[in-house]
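Enquirer: Just dropping this structure here.
The values are calculated or read from the model by the stated rules, or taken from the named source; none is laboratory data. The structure displayed is predicted, hence computed values, not measured ones. When we count neighbours, we look across all protein chains shown, and the Cβ atoms used for this are built from the backbone with ideal geometry, even at glycine.
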Amino acid sequence: MMESPLFRIRELLRAGESLSPSEIAQRLELARDLVDAGLQHWQSRGELARVQNLTQVGNSSCANRCAGTCSGCTPPAPPVPVEARYRWRAQRAA
Amino acid sequence: MVKHCSAVAGATLPAGSPRIALVGNPNCGKTTIYNLLTGTHQTVGNWPGVTVERRSGSARLAAGEKVEVIDLPGIYSLLGGGGEDQAVARQFLCDEDVELIVQVLDASTLERHLLLTAELIELERPLLIILNMVDEAQDRGLRIEASALSVRLGVPVVPMVARRGKGLGELRLALREALRAHVLPQRPDWEPVVEASLSELSTEIGAQIGEERSRFLAWQTLEMPESTPPALRAARERVAQRLQQGSGEDVVDLLPAARFSWAAALASRVTQATGKAGWRQRATRHLDRWILHDWLGVPIFLAVLYLVFVVSFSGGNVFLDFFDQTSAALLMHGFGHLLLQVGAPGWLVSALAGGIGGGLNLVISFIPPIGLTFLFLAFLEDSGYMARAAYVMDRLMRRVGLPGNALVPMVIGFGCNVPAIMGARIIDDPRGRVLTVLMQPFMSCSARLTIYMAFAVVFFRGNGGQVVFLLYLTGILMALFTAWLLGKTALRGQARPFVMELPPYRLPSLRSVALQAWQRLRIFVLRVGKVIAAIGFILFLLPGIGWTSQGLRATDIDHSLLAQGSEALVPLFAPMGIQRDNWPAVAGLVAGAAAKEVVIGTLNGIYQRQAGGDLMAQYRDPNIVQALRDALATIPENASKLLSSFTDPLGFADLNQRDASIADSGASSQTLGALAQSFTPLSALAYLLFVLLYVPCASTMGALRREVGWGWMLFSTAYGIGIAWAVATLVYQWGTFAGHPRTTWGWTAAIAIALLLLLLGLRQQGRRHSRLHLQEQG
């Protein structure tokens with residue numbers, strides 16, 4: 001029973017990291033939608049806290065901070081979408 | 001189709017219509033399948049929460065074989081969770097008898113959908129599975145073995161691509177067979193300790209309360225201890241303790257964990273990875289990089305909305321004059337001429353051609369821009385973008401104390417506020433639901449669009465799309481402000497977090513988008529046209545009666561009771577730019593509290609009647625062929641002006657130039673011409689803001705009362721009128737500041753004081769509410 005995806009999601013989050021659904025799915029080799037369902041379960045049980053997303057934006061190589069629009073620099077990489085991350089509440093209390 | 005039960009082809013169903021219930025997770029295609037089976041055109045959308053009420057229709061499976069199909073709101077679990085919409089589905093499935101439950105699974109997210117299958121199996125009722133969206137699963141590089149799934153579940157499984165109508169024939173056949181064979185699904189092999197506990201408890205339930213569905217009740221009792229009947233509490237405790245002893249886990253987690261294990265294992269057995277992800281997955285990944293971006297997401301959403309309205313208005317403008325002049329030539333002048341030819345009396349000709357014909361002319365004129373708006377909105381909904389809009393708005397929504405899915409009812413509100421208010425049922429937090437309901441009256445519905453279009457054509461012809469966009473945006477901002485204000489005062493609290501799912505992008509089918517846009521346009525034309533024509537007819541037909549020096553006497557419309565009553569109210573609206581001679585504007589607002597389409601209907605009726613004599617001359621001697629030629633010539637002429645609307649984005653430079661607006665409007669109909677005479681562009685803008693923000697209509701207020709009660713309904717009415725007046729007054733006063741600076745400051749101060757008093761009153765209410773809440777808890 002402890003091998004149930006539901007408990008595996010919990011154990012992973014209990015380890016202390018803030019993780020996004022995609023990261024959890026990748027680490028546990030689970031379907032993303034099953035991870036969403038698992039997170040919904042733990043959220044309804046009041047065990048999860050949502051951590052504010054932060055978006056990583058690639059920097060341009062231009063010293064003038066032109067954001068890649070001038071001809072002399074490489075344009076910045078497109079922004080990397082960062083999903084909402086979740087953290088186990090008990091961890092925060094500890 | 002994958003058959004599980006033995007079929008007897010050609011056998012007819014028993015007499016009477018059997019009932020089948022369509023059930024499944026939100027956004028898995030239930031309503032699309034319902035529409036396919038019943039031939040109806042219920043609203044569908046590529047986001048969760050479009051259906052919030054159950055509905056039923058009749059479907060023909062074969063000659064002489066009919067079934068009743070019940071479409072239920074999307075549901076994740078029979079064991080709690082979700083908003084009131086999910087409670088509707090849950091109650092139906094648990095309490096009502098149907099001959100067959102049909103679960104719709106999204107093949108591309110099979111694991112999650114199987115969690116619900118596990119619960120449906122335990123209901124011990126005949127079940128049929130539709131494996132929908134197999135094309136999307138393939139695009140993800142997955143192939144689901146429908147036959148293997150059928151064997152393991154013990155029920156028929158029908159693969160489909162419902163959006164394209166693929167698999168409908170197989171589904172009809174499978175339904176016939178399943179209804180006849182009545183085969184129950186195979187129960188999963190639960191772990192021995194789980195199975196033993198469930199069996200023990202269900203036996204006890206059967207013995208104590210004799211319930212038919214004792215097996216499902218055993219699950220419910222264990223997972224939802226609060227719903228356990230007193231007679232079963234001891235048995236529940238005993239079984240739950242035994243279950244928990246072995247694992248150290250709470251039974252409330254243990255049983256869902258068993259379903260997770262089963263769903264994951266079953267999905268892996270019936271799914272084959274076929275290779276790399278397809279174009280849809282790749283496109284979704286690339287598009288979402290930008291569309292879901294934390295900082296760019298909201299501006300992109302606003303830009304999309306802006307483009308929708310600008311392109312709709314500008315594109316619609318090309319054909320607007322053609323529709324206007326053609327319908328005026330045929331429905332007013334031609335129809336009036338025909339009536340005169342058959343010897344109809346003058347008053348009847350005026351009432352029918354001016355009132356009804358004029359009203360229809362007004363509505364038909366706006367078909368191009370409104371039709372284009374509906375087309376673009378349907379495209380966005382079908383593509384999966386609207387679900388993204390809810391996602392990116394989540395942060396903004398949470399800041400005002402709401403979950404991101406509060407945006408879903410707001411989007412529905414662009415069509416009509418009534419279903420939007422009902423759509424708030426998807427929000428499971430009662431506080432969030434009340435806030436979401438109270439936001440909806442500010443969303444611009446399609447009835448308000450008629451008024452915007454009429455004024456935009458007259459006063460903002462070159463940049464009407466931008467003005468309409470600004471009005472929509474003002475509505476959204478006012479809705480958010482209302483939620484923020486109430487969330488900080490009378491309804492203090494925090495938004496409950498929720499995990500949002502995003503559907504994949506879908507290339508909308510032309511048929512589906514055109515059908516949805518047509519449905520909305522048809523409803524709009526019929527509903528709005530009916531009201532405007534009826535009011536026009538009544539205002540023509542009713543003799544003008546007014547107070548004279550000799551008491552109540554027959555008068556013309558300008559001295560009627562309607563005019564006298566409206567004139568008495570004009571001083572209230574004077575600060576927002578309505579002059580004494582513009583009493584029809586006030587009459588329109590008062591009547592418009594019943595329904596927004598009445599505003600234009602009333603203005604049309606009054607203006608047409610005021611111009612009755614001029615029109616009669618046109619009825620006598622119309623030149624319809626020439627009018628139609630002129631109408632046709634407006635298309636290339638307007639097309640050449642199309643670019644100017646993009647190059648002059650907001651163009652508010654001539655806001656107080658009445659003559660310029662009349663000249664630019666090209667307003668050919670009597671009503672539009674009279675509008676141009678009665679307002680300046682600035683007072684028109686103030687009037688439109690009032691129309692946007694005050695009471696939407698009687699039906700919306702009725703829905704509001706049903707959903708959140710009398711108190712909030714009355715608050716919403718008073719608050720809406722107050723905010724509408726304040727915003728319209730501030731816009732007009734500051735727009736004409738140079739002419740009367742003291743008055744402007746005076747009104748601004750008065751409004752600021754009123755807002756402060758409102759804030760204090762709401763805070764007081766919030767404190768009282770908190771005290772009561774604490775007392776209840778303590």
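Enquirer: Spot the failing condition for residue B:379; the list is (1) at positive phi; (2) modelled with pLDDT of 80 or more; (3) not hydroxyl-bearing (Ser, Thr, Tyr), and only one is missed.
Expert: It is condition (1) that residue B:379 fails.
Enquirer: Could you give me the residue pairs with C-beta distances under 8 Å whose first residue belongs to the stretch B:57-86 and is within 14 Å of another protein chain (Cβ to nearest Cβ) and more than 13 Å from residue B:175 (Cβ to Cβ), whose second residue is assigned to a strand (DSSP E or B) and not basic (Lys, Arg) wherever it lies, and which are 6+ apart or on separate chains?
Expert: These pairs meet every condition: B:74/B:24; B:75/B:23; B:75/B:24.
Enquirer: Looking at this structure, is residue B:287 surrounded by 13 or more Cβ atoms within 10 Å (Cβ to Cβ), within 37 Å of the chain's Cα centre (by Cα) and among the aliphatic types (A, V, I, L, M)?
Expert: Spelling it out, residue B:287 is indeed surrounded by 13 or more Cβ atoms within 10 Å (Cβ to Cβ), within 37 Å of the chain's Cα centre (by Cα) and among the aliphatic types (A, V, I, L, M).
Enquirer: Just checking, how many residues over the stretch B:264-284 are touching a Gly at 6+ places or on another chain (Cβ under 7 Å) and either buried (at least 19 other Cβ atoms within 10 Å of the Cβ) or of a type in the set (S, T, N, Q) (or both)?
Expert: 1
Enquirer: List the residue pairs whose Cβ atoms are under 6 Å apart, where the first residue sits in the stretch B:704-727 and is acidic (Asp, Glu), the second is surrounded by 20 or more Cβ atoms within 10 Å (Cβ to Cβ), and the two are 6 or more positions apart or on different chains.
Expert: Short answer, once both residue conditions are applied: B:707/B:421; B:707/B:437.
Enquirer: If you check B:214, B:247, B:261, which single one turns out to be of a type in the set (S, T, N, Q) and in contact with a Gly (Cβ under 9 Å, 6 or more places away or on another chain)? Can you show your working first?
Expert: Details: B:247 fails: in contact with a Gly (Cβ under 9 Å, 6 or more places away or on another chain); B:261 fails: in contact with a Gly (Cβ under 9 Å, 6 or more places away or on another chain).
Checking each option against the conditions leaves just B:214.
Enquirer: Answer with yes or no whether residue A:54 is facing chain B (nearest Cβ under 9 Å) and either modelled with pLDDT under 90 or in a loop (DSSP other than H, G, I, E, B) (or both).
Expert: Numbers: facing chain B (nearest Cβ under 9 Å): yes; either modelled with pLDDT under 90 or in a loop (DSSP other than H, G, I, E, B) (or both): yes.
It is true that residue A:54 is facing chain B (nearest Cβ under 9 Å) and either modelled with pLDDT under 90 or in a loop (DSSP other than H, G, I, E, B) (or both).
Enquirer: Continuing with the same structure: Can you find a residue in the stretch B:256-274 that is more than 9 Å from chain A (Cβ to nearest Cβ) and more than 30 Å from residue B:148 (Cα to Cα)?
Expert: Looking for residues that are more than 9 Å from chain A (Cβ to nearest Cβ) and more than 30 Å from residue B:148 (Cα to Cα), one finds none in the stretch B:256-274, hence no.
Enquirer: Here are some residues: B:601, B:565, B:666. Which one is of a type outside the set (Phe, Trp, Tyr) and at pLDDT 80 or above? Walk me through how you get there before you give the answer.
Expert: On the way: B:601 fails: at pLDDT 80 or above; B:666 fails: at pLDDT 80 or above.
Only one candidate passes the filter, namely B:565.
Enquirer: Does the stretch B:209-219 contain any residue that is of a type in the set (Gly, Ala, Ser) and in contact (Cβ under 8 Å) with a residue 12 or more places away in the chain?
Expert: Taking every residue of the stretch B:209-219 in turn, at least one turns out to be of a type in the set (Gly, Ala, Ser) and in contact (Cβ under 8 Å) with a residue 12 or more places away in the chain.
Enquirer: Does the stretch B:682-697 contain any residue that is at pLDDT below 85 and either hydrophobic (A, V, I, L, M, F, W, C) or buried (at least 23 other Cβ atoms within 10 Å of the Cβ) (or both)? Full working, then the answer.
Expert: Step one: of the stretch B:682-697, the residues at pLDDT below 85 are B:696-697.
From the residues that got through so far, the ones that are either hydrophobic (A, V, I, L, M, F, W, C) or buried (at least 23 other Cβ atoms within 10 Å of the Cβ) (or both) too are B:696-697.
Yes, the stretch B:682-697 contains a residue that is at pLDDT below 85 and either hydrophobic (A, V, I, L, M, F, W, C) or buried (at least 23 other Cβ atoms within 10 Å of the Cβ) (or both).
Enquirer: Out of contact with any Ser or Thr (no Cβ under 8 Å at 6 or more places or on another chain) and in a helix (DSSP H, G or I) - does that describe any residue in the stretch B:487-495?
Expert: Initial filter on the stretch B:487-495 (out of contact with any Ser or Thr (no Cβ under 8 Å at 6 or more places or on another chain)): B:487-491, B:493-495.
Now narrow it down to the ones that are in a helix (DSSP H, G or I): B:487-488.
Within the stretch B:487-495 (the criterion being out of contact with any Ser or Thr (no Cβ under 8 Å at 6 or more places or on another chain) and in a helix (DSSP H, G or I)), the answer is yes, since at least one residue qualifies.
Enquirer: Collect the residues in the stretch A:1-19 that are within 11 Å of chain B (Cβ to nearest Cβ) and modelled with pLDDT under 90, keeping them in residue-number order. Spell out the reasoning first.
Expert: Kept after step one, since they are within 11 Å of chain B (Cβ to nearest Cβ), are these residues of the stretch A:1-19: A:1-10.
Correct list: A:1, A:2, A:3.
Enquirer: Further question: Among the residues of the stretch B:98-137, write down those that are assigned to a loop (DSSP other than H, G, I, E, B) and in contact (Cβ under 8 Å) with a residue 60 or more places away in the chain. Break it down into steps so the answer makes sense when it comes.
Expert: First, the residues of the stretch B:98-137 that are assigned to a loop (DSSP other than H, G, I, E, B): B:98-99, B:122-126, B:133.
Residues satisfying the conditions are B:98, B:99, B:122, B:123, B:124, B:133.
Enquirer: Can you tell me which residue is modelled with the lowest pLDDT among those in the stretch B:146-185 that are surrounded by 16 or more Cβ atoms within 10 Å (Cβ to Cβ) and in a loop (DSSP other than H, G, I, E, B)?
Expert: Checked the stretch B:146-185; the qualifying residue modelled with the lowest pLDDT is B:183.
Condition check ((1) of a type in the set (D, E, K, R); (2) at pLDDT below 85; (3) buried (at least 19 other Cβ atoms within 10 Å of the Cβ); (4) more than 25 Å from the chain's Cα centre (by Cα)) across all residues:
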{"residue": "B:295", "(1), (2), (3), (4)": "no, yes, no, yes"}
{"residue": "B:298", "(1), (2), (3), (4)": "no, yes, no, no"}
{"residue": "B:322", "(1), (2), (3), (4)": "no, no, yes, yes"}
{"residue": "B:325", "(1), (2), (3), (4)": "no, no, yes, yes"}
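Quick grid of which residues meet (1) away from chain A (no Cβ under 14 Å); (2) crowded, with 19+ Cβ neighbours inside 10 Å; (3) touching a Phe, Trp or Tyr at 6+ places or on another chain (Cβ under 7 Å):
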position: B:303; (1), (2), (3): yes, no, no
position: B:309; (1), (2), (3): yes, yes, yes
position: B:365; (1), (2), (3): yes, yes, yes
position: B:372; (1), (2), (3): yes, yes, no
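Enquirer: For residue B:362, only one of the following conditions fails: (1) more than 26 Å from the chain's Cα centre (by Cα); (2) more than 30 Å from residue B:385 (Cα to Cα); (3) in contact (Cβ under 8 Å) with a residue 24 or more places away in the chain. What is its number?
Expert: (1)
Enquirer: Restricting to the stretch A:20-31, name every residue that is out of contact with any strand residue (DSSP E or B) (no Cβ under 6 Å at 6 or more places or on another chain) and more than 8 Å from every other protein chain (Cβ to nearest Cβ). Walk me through how you get there before you give the answer.
Expert: Here is the first cut: in the stretch A:20-31, the ones out of contact with any strand residue (DSSP E or B) (no Cβ under 6 Å at 6 or more places or on another chain) are A:21-31.
Scanning the stretch A:20-31 gives A:22, A:23, A:24, A:25, A:26, A:27, A:28, A:29.
Enquirer: If you check residue B:743 against the conditions, is it buried (at least 17 other Cβ atoms within 10 Å of the Cβ), over 18 Å from residue B:483 (Cα atoms) and of a type in the set (S, T, N, Q)? Before you say what the answer is, go through the steps one by one.
Expert: Values: buried (at least 17 other Cβ atoms within 10 Å of the Cβ): no; over 18 Å from residue B:483 (Cα atoms): yes; of a type in the set (S, T, N, Q): yes.
So residue B:743 does not fit the description; no.
Enquirer: Exactly one of (1) crowded, with 24+ Cβ neighbours inside 10 Å; (2) assigned to a helix (DSSP H, G or I) is unmet by residue B:402. Its number?
Expert: It fails just one condition, (2).
Enquirer: Scanning for something assigned to a helix (DSSP H, G or I), touching a Lys or Arg at 6+ places or on another chain (Cβ under 6 Å) and surrounded by 18 or more Cβ atoms within 10 Å (Cβ to Cβ), does the stretch B:210-225 turn up at least one residue?
Expert: Initially, the stretch B:210-225 is screened for residues assigned to a helix (DSSP H, G or I), giving B:214-223, B:225.
So of that shortlist, the ones also touching a Lys or Arg at 6+ places or on another chain (Cβ under 6 Å) come out as B:221.
If we keep only those that are surrounded by 18 or more Cβ atoms within 10 Å (Cβ to Cβ) as well, we get B:221.
Yes, the stretch B:210-225 contains a residue that is assigned to a helix (DSSP H, G or I), touching a Lys or Arg at 6+ places or on another chain (Cβ under 6 Å) and surrounded by 18 or more Cβ atoms within 10 Å (Cβ to Cβ).
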